[in-house]
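Contents: one structure, followed by commentary.
The values are calculated or read from the model by the stated rules, or taken from the named source; none is laboratory data. What you see is a predicted model; the values in this text were computed from it and never measured. Positions of Cβ are backbone-derived with ideal geometry, glycine not excepted, and every protein chain shown enters the neighbour counts.
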Amino acid sequence: MTTLISKEEVASLVRPTRLHKRLYLDPDVFELEMERIWGQAWIFIGHESQVPNPGDFFTTNITHKIPVVMVRDKGDSVHVLHNRCGHKGAKLVESRQGNVRGAFRCPYHGWTFRHDGGLLKVPNESGYDSTGFDSSDPCYSMQSVAQVESYRGFVFATLSAEAPDLKTWLGGAIDCLDNLCDRAPEGEVEVAGGVLRYEHQCNWKFILENLNDTMHPMVVHQSVVQAAEDYIATLPESAVEQRSEAEIIPPFGSSYEKFEDSGITGFRYGHHYDGGKTSIHADYKVLPAYHDAMVKAYGEERTREIYAFNTHNTLYYPSLTIKSAVQNIRVVRPIAVDRFVVETWSFRLKGAPDEMLQRTLLYSRLINSSFGMVGPDDHEVYRRAQEGLESNASEWVEFHRQYGRDQVLEDRVIGGGTSDLDMRTQYKAWQEYMTGEVFQ
């Protein structure tokens, strides 16, 4: 347990309109974040469609150091277990994903475990006779994390027994998960198309701050937007496919006024989204075959309602970001104070034509890939911020925009789309987690 920083010192690092640069640079602050934020919040683990069959598993970390395995058992239940043997503590599963038909087997002494984590067999067990060893003691099993819940196939887990139930924690931001799934004619989504992993040489919080920062796109992405617009201008009207691909880029250069109109909505526990009534995805063309499938499933009125709730980025603080309108998610996995990995997963809308998945995959390659046309722009400014903060010119980072103008409602806070409401939402939660006041 990290105890190098007092509660008072932690609280002093975040002010109403600024925060101290130690949040990005100090390894002790990072370790405390892993313990008190990542060790207390609900962390996204994976999607149930990644483990469709009994024995299927998927491995990841909850914090930078705590490995877990998501596995489906023979009774069709999905578990999130600590990825360690109950004997000597060895990590049991190294593969990212696969299937274990019979049981998990420790590579050290051969202890085996059921898919629900229960101890199955101890080799040469007679050696434990009359020693007081009790194989039924849960401490010798692959233990479950404190709480595991799934919402519409999205599996979250927390190391905290005190955290509220998942729906309470998601709060009003749950609407964005619902919208993602409701965009499928069958009301369900599934992971498809593999994963894009992209390591960033900077602090994990930069990407979360950037999600709903609408003051940066027209600056950071100016060159690629201009290139895309120049290319589109050369295309004949008949080049429908090329035009539809290139037109993904220009909305990232939208005006301040357009982003301001989209708005930002914040929630307790650090969640927020931009858009709702409109977003940079609002003008994407609706494929006729997809619209027909949606109307057949929901009717015209409900289909229009689903389309109308149009968000850009939604953050479920601290680990998951989703784009409902284009059906992909990004998952943040911290490694160190100046390193993290972001994983992009794409989803198939069940009951939708294949063209919808192809659009999602294309979007991910263009925007989120390390070889894409937008993500590397963001990575470059994160890198510069990480390096620039090492300077002793100033100790503070500011977020004054539209301070004092936020509209506080019963379950959310609403502000203009170019405000720093997202920063205020995140760092209010950061301070509450870090001082132990988040679940009080």
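Worth a mention:
- Of the numbered criteria (1) part of a strand (DSSP E or B); (2) farther than 29 Å from Ile207 by Cα; (3) not basic (Lys, Arg), the one Ser238 fails is (1).
- Filtering region 22-39 to residues that are in a loop (DSSP other than H, G, I, E, B) and surrounded by fewer than 21 Cβ atoms within 10 Å (Cβ to Cβ) leaves Asp26, Gly39.
- Qualifying residue in region 189-199 (condition: in a helix (DSSP H, G or I) and touching a residue at least 60 places away in the same chain (Cβ under 8 Å)): no
- Residue match in region 249-265 (condition: in contact with a Lys or Arg (Cβ under 9 Å, 6 or more places away or on another chain) and either outside the structural domain of Gly171 (by TED's automatic domain parsing) or among the hydrophobic types (A, V, I, L, M, F, W, C) (or both)): no
- Hits in region 170-217 (condition: hydroxyl-bearing (Ser, Thr, Tyr) and either more than 14 Å from the chain's Cα centre (by Cα) or farther than 21 Å from Tyr317 by Cα (or both)): Thr214
- Unique match (being within 29 Å of Glu260 (Cα to Cα), assigned by TED's automatic domain parsing to the domain that holds Ile264, in contact (Cβ under 8 Å) with a residue 60 or more places away in the chain and more than 25 Å from the chain's Cα centre (by Cα)) among Leu287, Leu315, Leu320: Leu287
- Check on Gly404, buried (at least 21 other Cβ atoms within 10 Å of the Cβ), assigned to a loop (DSSP other than H, G, I, E, B) and not hydrophobic (A, V, I, L, M, F, W, C): no
To keep it simple, each residue is scored yes or no on (1) in the same structural domain as Gln327 (by TED's automatic domain parsing); (2) touching a His at 6+ places or on another chain (Cβ under 7 Å); (3) closer than 30 Å to Pro353 by Cα; (4) surrounded by 19 or more Cβ atoms within 10 Å (Cβ to Cβ).
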position	(1), (2), (3), (4)
Thr131	no, no, no, no
Ser135	no, no, no, no
Ser144	no, yes, no, no
Phe156	no, no, yes, yes
Ala173	yes, yes, yes, yes
Asp178	yes, no, yes, no
Pro185	yes, no, yes, yes
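- Counting residues in region 268-277 that are basic (Lys, Arg), modelled with pLDDT under 95 and not in a helix (DSSP H, G or I) gives one or more.
- So Ile280, is it in contact with a strand residue (DSSP E or B) (Cβ under 8 Å, 6 or more places away or on another chain), modelled with pLDDT under 95, surrounded by 14 or more Cβ atoms within 10 Å (Cβ to Cβ) and not hydroxyl-bearing (Ser, Thr, Tyr): yes
Let's see how each residue does on (1) within 26 Å of the chain's Cα centre (by Cα); (2) assigned by TED's automatic domain parsing to the domain that holds Val145; (3) modelled with pLDDT of 95 or more; (4) farther than 28 Å from Glu149 by Cβ:
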| residue | (1), (2), (3), (4) |
| --- | --- |
| Ile5 | no, no, no, yes |
| Lys21 | yes, no, yes, yes |
| Pro67 | yes, yes, yes, no |
| Gly102 | no, yes, no, no |
| Trp111 | no, yes, yes, yes |
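- Of the strands (runs of 3 or more DSSP E) lying entirely inside region 58-156, those carrying at least 2 residues that are farther than 28 Å from Val332 by Cβ are 119-121.
- Any hit, region 75-88, residues being polar (S, T, N, Q) and over 30 Å from Leu389 (Cα atoms): yes
- Some residue of region 171-185 being touching a helix residue (DSSP H, G or I) at 6+ places or on another chain (Cβ under 7 Å), in contact (Cβ under 8 Å) with a residue 40 or more places away in the chain and of a type in the set (Asp, Glu): yes
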